[in-house]
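Enquirer: Okay, handing you the structure first.
Each reported figure results from applying straightforward, stated rules to the coordinates on display, with no laboratory input. All values reported here derive from a predicted model rather than from experimental measurement. Cβ atoms come from the backbone with ideal geometry, glycine included; neighbour counts cover every protein chain shown.
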Amino acid sequence: MAESALTNTGATLTPPAGWRGLVADWASDQRAFKKVSWGKAMMWIFLLSDTFIFSCFLLSYMTVRMSTPVPWPNPSQVFALHIGGTEVPLILIAIMTFILISSSGTMAMAVNFGYRRDRVKTAVLMLATAALGATFVGMQGLEWTKLIMEGVRPWGNPWGAPQFGSAFFMITGFHGTHVTFGVIFLIVIARKVLRGDFDRATRGFFTSRKGRYEIVEIMGLYWHFVDLVWVFIFAFFYLW
Amino acid sequence: MPHAGAHVEGQRRPQVRAHAEGQQHPIRLYLVVWGWLFILSTFSYLVDYFHLQGYLRWSLILLFMILKAGLIVAVFMHMAWERLALVYAILVPPVAVLVFVGIMVFESDYTLLTRLLFFRAGS
C-alpha cells in the first residue's frame, strides 16, 4: 500500500525533464527513479554489474592477447566449417548471431503483446524466444565439441598462443550459462503468462508479490542483455 | 541509420499515453530494428569474409558493434524512453571500463616488452 501511495505522489507532480530533471530526481528526498518500478530498476542495476563481469573477461582476454609474443590463432580459420567441399569462415558463429538476434526480436514483441494483455501471443513468442535460445546453446555445444576434438584445451591448442583456449572457454562458457538460465526463466514466466497469473495478479511462489505484466518486460531486459553481450563477444573475440 | 533514428524520434510523442500501461510502441518499430540488426550483423560478418585487414577492419568492426549495441539498448531495452536519471545511472558507470582498457593496454605492452627482452634471447 505504501508503494502505491508513493507512486501516486509522483504522478500528480509533473517532474522537470532533461538535465534539470536529472538533478531534481537525484536531489529530491524520495525515489530517484520516479515511475520506474523497483523490479525494473534492480534488473538494470544487476545488468550493470554483469556488464562489469563480462568487461573484465574481455579485458583479460585483451591483456593476454596483447602481451604474448606467440602468434594468436586466427579465429576466422579456427571457427571455419567445411560445407560442400569449401571452407566457409566463421559460418557457425554467424548463424548463432542471427539466431540470438531473432530471439531478441521475438522477445521485444512478447513484451509488447504482454502490455496489450494478449496472453496467448505473449506466451507463444516467449516460448519461441526460449526455443531460439536453446538452439543457440546447442550450437555452442557443437562448437565446443569440435574444438575439444581438435585438441583445444584451456592450457594449449595446436595453432598458437595457449591463452586462446582459456579465454575462449571462459568467455563463451559464461555467456552460454547466461543464455541457459535465460531459457529456464523464459519458460517459467511463459507458463505464468499462459496460466493468467498476471491478469489475476497471483502472488509468486518465491517472492509472494503480485504478478504484473511488467515482469515480461523485466525478463526481456535480461534477454536483450544476453544478446548485447554476444554483440561484443562476436566483435572482439571472433572478428578481431 | 537515419531511417531507424526517425522512428525513434517519431515515437516520443505518445510517451504520456505509453506510461499509463508500461512501454507500448508499434510492432513495426521492433521489426525495423530487427531488420537493421540483421543487416549490421551481415556487414560485420562480411568484414571477415572479405579478409579486410588493419585499421579498416578494426574500425568497421567497432562501428557495426556500437550501432548494434545502441539499437538493442535504445529500442529493445526501451532506454530511449526512460528518464535521464535512470539512463545516466546505467550508461555512465561502464565508461570506467574504458579507463581500465587504457591501463591494461599500457600493462600488456610492458609485459610484451619484458618477454621479448628477457625470454627471446635464450630461445
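Enquirer: Could you give the angle, 0 to 90 degrees to the nearest 10, between helix A:18-27's Cα long axis and the longest principal axis of the Cα atoms of chain A?
Expert: Helix A:18-27 sits at roughly 70 degrees to that axis.
Enquirer: P(r) of the range B:66-123 in 5 Å steps, Cα pairs, percent per bin?
Expert: All Cα pairs, binned at 5 Å, distribute as 4, 14, 14, 14, 11, 9, 8, 7, 7, 6, 4, 2, 0 percent.
Enquirer: Answer rounded, prolate or oblate for the range A:14-86, using the Cα gyration tensor with square roots of eigenvalues a ≥ b ≥ c: rounded when a/c is under 1.5, else prolate when a/b is larger than b/c, else oblate.
Expert: prolate
Enquirer: By what distance, in whole Å, do the Cα atoms of the range A:121-202 stretch along each of the three principal axes, largest value first?
Expert: Principal extents (Cα only, largest first): 58, 17, 12 Å.
Enquirer: What does the net charge come to around A:PRO71 if you take all other residues with beta carbon closer than 15 Å to its beta carbon, with K and R at +1 and D and E at -1?
Expert: +3
Enquirer: Can you pull a Stokes-Einstein diffusion coefficient for the range A:154-240 at 25 °C (0.890 mPa s), Rh from Kirkwood over Cα pairs, as a whole number of µm²/s?
Expert: 159 µm²/s
Enquirer: How would you rank B:107-117, A:41-51, highest first, on the average number of other Cβ atoms within 10 Å across their residues?
Expert: A:41-51, B:107-117
Enquirer: Given labels modelled 7 Å from the Cα in the Cβ direction, how far is it in nm from B:VAL99 to A:TRP144?
Expert: 3.6 nm
Enquirer: While we're here: Please identify the chymotrypsin sites (Phe, Trp or Tyr not before Pro) of the range A:152-189 that satisfy two criteria: DSSP loop assignment and at most 11 other Cβ atoms within 10 Å. Which are they?
Expert: A:TRP155
Enquirer: Also, I was wondering about something else. Regarding the protein assembly as shown, what are the three Cα extents along the principal axes, ordered largest first, in Å?
Expert: For the protein assembly as shown, the Cα extents along the three principal axes come out at 75, 47, 43 Å.
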